[in-house]
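Accompanying notes for the structure given below.
The values are calculated or read from the model by the stated rules, or taken from the named source; none is laboratory data. The model shown is predicted, which means the values in this text are computed figures rather than measured ones. When we count neighbours, we look across all protein chains shown, and the Cβ atoms used for this are built from the backbone with ideal geometry, even at glycine. Surface accessibility is based on the protein's heavy atoms, side chains included, excluding ligands, DNA and RNA. Shrake-Rupley method; radii C 1.70, N 1.55, O 1.52, S 1.80 Å.
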Amino acid sequence: MFRSPKSGALTVAFLCFASPALVAGPLGIGETATPEMIAGWDIDIRPDGRGLPPGEGSVADGEGLYEAKCASCHGLFGEGAGRWPILAGGEGTLDTAHPEKTVGSYWPYASTLWDYIHRAMPYPAPQSLTDDEVYAITAYVLYLNDIVEDDFVLNQETFQEVKMPNEPNFYIDDRPDVVNTRCMSQCADASTFEIVTTINGVTPTAHFKEDSGVAANHYGNEAATAEATKVALSDAAVAGKSIYAKACNVCHGAGVAGAPVTGDAAAWSERIAQGMATLNKHAIEGYVGKNGVMPAKGGNMALADEEVANAVAFMVESSQ
Amino acid sequence: MSSIRIKAKERAGVVDVKALMKHPMETGLRKDKDGNKIPPHFIQEVVAESNGAVVFSGSFNTSISKDPYLSFQYGGKKGDKLTLSWTDNQGQKDAETVDVG
């Protein structure tokens, strides 16, 4: 095979970087993923239950866990607190003018529920639940949707008994005109096509326009953030801003679960009067106050104490 | 399965009750897809009793939305039996009893 001197040199360079025992593939870079590495990523659960780990949890166990970790947003009965997503109800509404898509009314497979809770919930602390906890909470959400009885215990075997009410409405599209076979010969000339109609106004854009008088982001605290950036922030607060956006805004942006809204000076004055040491302690260790529960580090235990303190500095300086 | 879900928890002598009643709460003013009026079907009476004594009662009507959510407090203690029941304009009824926790 012909090789220019240049590509020869490149090959040598690659070999210097990658240890020969680990090289994978034709380029000789990277390393072969071990079964353990793959297991860390391969967490999807299939409709037939493949992927479910060993373990189990009952509706009764799920009740307490759900009330502690989920009800503040999704409501005690899955009815949704404020504008947070509803998880139950909506049966029989799918073909009406106001369809309510919930786990019970819409989702075709219970596997998605297990997977979603395991992967993404609780919102402020995803993947913090044990497998048994996910089984129990999944069972409880199914119970809230009247899909299982109150003595149900969910595990790999009983998963097979769970039938979601809307499953039959998911099927391979049987309309004749949806099979898009690519034209390979004697095809129509695209330059002769005429656009007969276009659809406009489907995506609401008003709230992204300046001067529209509507908050410019979805968190509803644009005014607060805009105000905050005008104030000269300390170095700590500047460092804390992105941490705040990542870990704290979910509650403190709009006042979810009783959290004092960042930028609302009235809500913060008494709190600030306690002194930074107390505020930091409360934010790092968590506490139960008059308004609700402030989870330790906002539920994000991966944050260093200093990062949380920086976020507190940002919140305090934005709320004076 | 009962149409009623109740959570009743006592703290310092006050029982905090939260309940959800599954009910269509049709006003009688809506039309279905074919333009026919959907008959009225709504809860008219809700009663909560603790150990047999009425602690809450209410007259509901069509201004209350589907699957009504109810929250109230009364003086009581752990272990009390709390029964919540509803009766609708079509004479249907349901009731559910829980132990105050």
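Hey, among B:Thr62, B:Thr97, which residue is closer than 19 Å to B:Asp16 by Cα and either β-branched (Val, Ile, Thr) or loosely packed, with under 15 Cβ neighbours inside 10 Å (or both)?
Every option except B:Thr97 fails the conditions.
Please enumerate the residues belonging to region A:142-189 that are surrounded by fewer than 17 Cβ atoms within 10 Å (Cβ to Cβ), part of a loop (DSSP other than H, G, I, E, B) and under 26 Å from the mean Cα position of the chain (by Cα).
Result: A:Gln156, A:Lys163, A:Pro165, A:Phe170.
For region A:280-316, give me each residue that is assigned to a helix (DSSP H, G or I) and either open to solvent by less than 20 Å² (accessible area, probe 1.4 Å) or not assigned by TED's automatic domain parsing to the domain that holds A:Ser234 (or both).
A:Ala283, A:Gly298, A:Val308, A:Ala311, A:Val312, A:Ala313, A:Phe314, A:Met315, A:Val316
Among A:Gly240, A:Gly258, A:Gly298, which is modelled with pLDDT under 90 and not charged (D, E, K, R)? Steps first, answer last, please.
Details: A:Gly240 fails: modelled with pLDDT under 90; A:Gly298 fails: modelled with pLDDT under 90.
Every option except A:Gly258 fails the conditions.
Assigned by TED's automatic domain parsing to the domain that holds A:Glu157, in contact with an Asp or Glu (Cβ under 6 Å, 6 or more places away or on another chain) and at pLDDT 95 or above: which single residue out of A:Gly57, A:Gly89 fits that description?
Just one listed residue meets the conditions, A:Gly57.
Quick one: is A:Ala97 over 26 Å from B:Met21 (Cα atoms) and surrounded by fewer than 16 Cβ atoms within 10 Å (Cβ to Cβ)?
Judged against the criteria, A:Ala97 is not a match.
Every residue in region A:58-100 that is under 16 Å from A:Asp146 (Cα atoms) and of a type in the set (A, V, I, L, M, F, W, C), please.
A:Val59, A:Ala60, A:Leu76, A:Phe77, A:Ile86, A:Leu87, A:Ala88
Among the residues of region B:65-94, count how many are within 14 Å of chain A (Cβ to nearest Cβ) and loosely packed, with under 12 Cβ neighbours inside 10 Å.
2
Check A:Arg83, A:Arg50, A:Arg46 and return the single one that is open to solvent by 70 Å² or more (accessible area, probe 1.4 Å), at pLDDT 90 or above, more than 23 Å from A:His118 (Cβ to Cβ) and more than 14 Å from every other protein chain (Cβ to nearest Cβ).
Working: A:Arg50 fails: more than 23 Å from A:His118 (Cβ to Cβ); A:Arg46 fails: more than 23 Å from A:His118 (Cβ to Cβ).
Residue meeting the stated conditions: A:Arg83.
Out of B:Asp80, B:Asp67, B:Asp34, B:Asp94, I need the residue that is modelled with pLDDT of 95 or more and either acidic (Asp, Glu) or in contact with a Leu (Cβ under 6 Å, 6 or more places away or on another chain) (or both). Which one? Reasoning before the result, please.
Numbers: B:Asp80 fails: modelled with pLDDT of 95 or more; B:Asp67 fails: modelled with pLDDT of 95 or more; B:Asp34 fails: modelled with pLDDT of 95 or more.
Exactly one of B:Asp80, B:Asp67, B:Asp34, B:Asp94 is modelled with pLDDT of 95 or more and either acidic (Asp, Glu) or in contact with a Leu (Cβ under 6 Å, 6 or more places away or on another chain) (or both), namely B:Asp94.
From the residues in region A:66-77 that are crowded, with 16+ Cβ neighbours inside 10 Å and more than 9 Å from chain B (Cβ to nearest Cβ), which one is farthest from B:Ser71 (Cα to Cα)?
This residue is A:Lys69.
Just need a number here: residues in region A:135-159 that are away from every other protein chain (no Cβ under 14 Å) and either of a type in the set (S, T, N, Q) or closer than 13 Å to A:Ala60 by Cα (or both).
So the count comes out to 10.
May I ask you to list the residues in region A:114-131 that are buried (at least 18 other Cβ atoms within 10 Å of the Cβ) and either outside the structural domain of A:Val148 (by TED's automatic domain parsing) or part of a helix (DSSP H, G or I) (or both)?
Within region A:114-131, A:Trp114, A:Asp115, A:Ile117, A:His118 qualify.
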